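Read the structure below first, then the notes.
The values are calculated or read from the model by the stated rules, or taken from the named source; none is laboratory data. Bear in mind the structure is a predicted one, so any value in this text is a computation, not a measurement. Backbone-built Cβ (ideal geometry, glycine too); neighbour counts: all protein chains shown.
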């Protein structure tokens, strides 16, 4: 295994009329070839801004990538995505990195047919001519499970159902056989039975194409069957990262423990009260000076209010950013 | 079984068809969306009946038709023995305090120009149950009851977070001492950690005030958590209804089974071993539901009969109803 993407100390801010929003405050992670990383967190935790920053899709202004680097590897050579020019980035987006978003209706162009939108990417990145692109598009549509691909080629997005639109988005994303697929809450707007179809499709394509996947979600359930690594974010920071089994078996950060406790699981009997995390998510209007979770944390002590806990290993393939050892009931 | 308990709400063969019209000046009816198409069930005093289904299955319409926010196309609804479907709007208004609703989108459900105090107090003003100082006291009491600071009466909805706004909606629903509340996806728009807060609040209030809930949701695990009995809807029909434990332990309808198998479990080891029933295609349009069984176009167990004859909704065990040709009486 070799790394394909290495993100270090990413800081992204937004200038708004109310002040500066500190959306991402020093995020670092590695992605290895063919691996699936899930980024989990609630709204406003910075999970989407993190990947939009990597893709350089943050509108500037108001957004600003303050610092950090994002190395994309090509064999031994590497390039910092945050330093590339716009034409170079265009080559990477849709070429080496494919992406799908939550709402396919706003991501697809309503006045172009589905086929044209997929073919566009083939013409642009792979230099195919119109006929080749059309033929290849029909193959792609069939591959993502759209019935009647020849007929569907000339349909417009509004003629597709939600699940079919997401399939079309996936076809665009994988058109140029990317090495990384970034999926930002791709199933949140879908019904569970359709969600199961889409997750199943991505799993198949991942093995077929050997892609690495970054899957962003707020749903710890979906991630359990999909990810190799899970990274939990809170207040623009990574608070815990672990190999998927360890995260669910022995969550270490009080926030992760709370999130898992708040889930009503089908495998548990529902007589108990759900564990709720009191309070509300952080406002992000000030740069973090202490643990972002401290105001809602029942384990918080003096130190949590004085410094930001660094993300440190607590075991094999398991890192946590917390001063308190929840299992032992005392600070580390 | 809960069948010996007092029935608070009874629904009999309820239908709600929305007309599809064509033409701008002379509009004529060209078809109908069969949002709710012949459903029957009881809701017992003090229980939570979960109503679960995917988008467009008619679960929200069911909630609204029960409260007579939409008048049904046919069928009857009884509340405390009174036939709501036979009452005039004026007569209904007298009953409204007893039956309330909590909405999914708390931002849309609260008037942005009214302070929280006015929002929560308004039902009491309209029904003339409190005024002046008494009203203020009652509003403060309600805010405290749902876990909000009573000092916030003069704040406006935009000053609250999603979870807090949902609490305001709950306080308003409780203002007139209702006995029955339709909760229409009350936590779907909230973050996981906030969902738990609101669900716990709803359960506490039910225990303290003896409320009866119709809990509408698409999240099966949330429905399992909160309900005493669960009804599963598909394309305007109830396909299965049973007590919570029975439904989740032995689901009989193939749709219920596939719905359950589609819900991801937050446990990687279980997930890896699970065998999913993955349904093909999408839900058909309620304007043109399939002949026979509505689920026949996607059903993994479909036989000839299913596309010709509509399966009867019947009890296969005490309190366990199912509408499927493939479920025999011996199950």
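Data overview
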{"item": "Identity of the residue in the stretch B:105-128, part of a loop (DSSP other than H, G, I, E, B) and in contact with a helix residue (DSSP H, G or I) (Cβ under 8 Å, 6 or more places away or on another chain), that ends up surrounded by the most Cβ atoms within 10 Å (Cβ to Cβ)", "result": "B:110"}
{"item": "Residues of the stretch A:156-168 satisfying the condition of being outside any helix (DSSP H, G or I) and either within 14 Å of chain B (Cβ to nearest Cβ) or surrounded by 19 or more Cβ atoms within 10 Å (Cβ to Cβ) (or both)", "result": "A:160, A:161"}
{"item": "Search result, residues across the stretch B:262-297 that are touching a residue at least 24 places away in the same chain (Cβ under 8 Å) and either at the interface with another protein chain (Cβ under 9 Å from one of its Cβ atoms) or closer than 28 Å to residue A:261 by Cα (or both)", "result": "B:263, B:283"}
{"item": "Residues of the stretch B:220-231 satisfying the condition of being within 12 Å of another protein chain (Cβ to nearest Cβ) and in a strand (DSSP E or B)", "result": "B:230"}
{"item": "Filter result for residue B:305 (within 24 Å of residue B:51 (Cβ to Cβ), modelled with pLDDT of 90 or more and surrounded by fewer than 17 Cβ atoms within 10 Å (Cβ to Cβ))", "result": "no"}
{"item": "Elements of type strands (runs of 3 or more DSSP E) in the stretch A:45-112, at least 3 residues being outside the structural domain of residue A:239 (by TED's automatic domain parsing) and either within 14 Å of the chain's Cα centre (by Cα) or modelled with pLDDT under 90 (or both)", "result": "A:97-100"}
{"item": "Flag if residue A:69 is in contact (Cβ under 8 Å) with a residue 12 or more places away in the chain, closer than 14 Å to residue A:9 by Cα and either crowded, with 16+ Cβ neighbours inside 10 Å or touching a helix residue (DSSP H, G or I) at 6+ places or on another chain (Cβ under 7 Å) (or both)", "result": "yes"}
{"item": "Subset of the stretch B:177-210 [away from chain A (no Cβ under 13 Å), out of contact with any strand residue (DSSP E or B) (no Cβ under 7 Å at 6 or more places or on another chain) and part of a loop (DSSP other than H, G, I, E, B)]", "result": "B:177, B:210"}
{"item": "Test: residue in the stretch B:158-168 that is surrounded by fewer than 13 Cβ atoms within 10 Å (Cβ to Cβ), free of Cβ contacts under 8 Å to residues at least 12 places away in the same chain and in a helix (DSSP H, G or I)", "result": "yes"}
{"item": "Single unsatisfied condition, residue B:173 versus (1) touching a strand residue (DSSP E or B) at 6+ places or on another chain (Cβ under 6 Å); (2) within 13 Å of chain A (Cβ to nearest Cβ); (3) part of a helix (DSSP H, G or I)", "result": "(2)"}
{"item": "Breaking point among (1) at pLDDT below 90; (2) in a loop (DSSP other than H, G, I, E, B); (3) more than 25 Å from the chain's Cα centre (by Cα); (4) farther than 21 Å from residue B:252 by Cβ, for residue B:272", "result": "(2)"}
{"item": "Residue match in the stretch B:57-78 (condition: surrounded by fewer than 16 Cβ atoms within 10 Å (Cβ to Cβ), without any contact (Cβ under 8 Å) to a residue 40 or more places away in the chain, out of contact with any strand residue (DSSP E or B) (no Cβ under 9 Å at 6 or more places or on another chain) and not in a strand (DSSP E or B))", "result": "no"}
{"item": "Filtered residue count, the stretch A:172-188, keeping only those that are within 13 Å of chain B (Cβ to nearest Cβ) and surrounded by fewer than 24 Cβ atoms within 10 Å (Cβ to Cβ)", "result": "2"}
{"item": "Filtered residue count, the stretch A:171-186, keeping only those that are without any contact (Cβ under 8 Å) to a residue 40 or more places away in the chain and farther than 22 Å from residue A:115 by Cα", "result": "0"}
{"item": "Count - residues of the stretch B:198-216 that are buried (at least 24 other Cβ atoms within 10 Å of the Cβ) and touching a residue at least 40 places away in the same chain (Cβ under 8 Å)", "result": "4"}
{"item": "Answer from B:259, B:241, B:235, B:247 - the residue that is facing another protein chain (nearest Cβ under 8 Å) and touching a residue at least 12 places away in the same chain (Cβ under 8 Å)", "result": "B:259"}
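Yes/no matrix, rows are residues, columns are (1) part of a helix (DSSP H, G or I); (2) more than 14 Å from chain B (Cβ to nearest Cβ); (3) more than 24 Å from the chain's Cα centre (by Cα):
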site: A:116; (1), (2), (3): yes, yes, yes
site: A:124; (1), (2), (3): yes, yes, yes
site: A:131; (1), (2), (3): yes, yes, yes
site: A:140; (1), (2), (3): yes, yes, no
site: A:170; (1), (2), (3): yes, yes, no
site: A:190; (1), (2), (3): no, no, no
site: A:203; (1), (2), (3): yes, no, no
site: A:215; (1), (2), (3): no, no, no
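Results for (1) under 23 Å from residue B:274 (Cα atoms); (2) touching a residue at least 40 places away in the same chain (Cβ under 8 Å); (3) in the same structural domain as residue A:4 (by TED's automatic domain parsing), shown as yes or no for each residue.
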residue	(1), (2), (3)
A:155	no, yes, no
A:159	no, no, no
A:191	yes, no, no
A:216	yes, yes, no
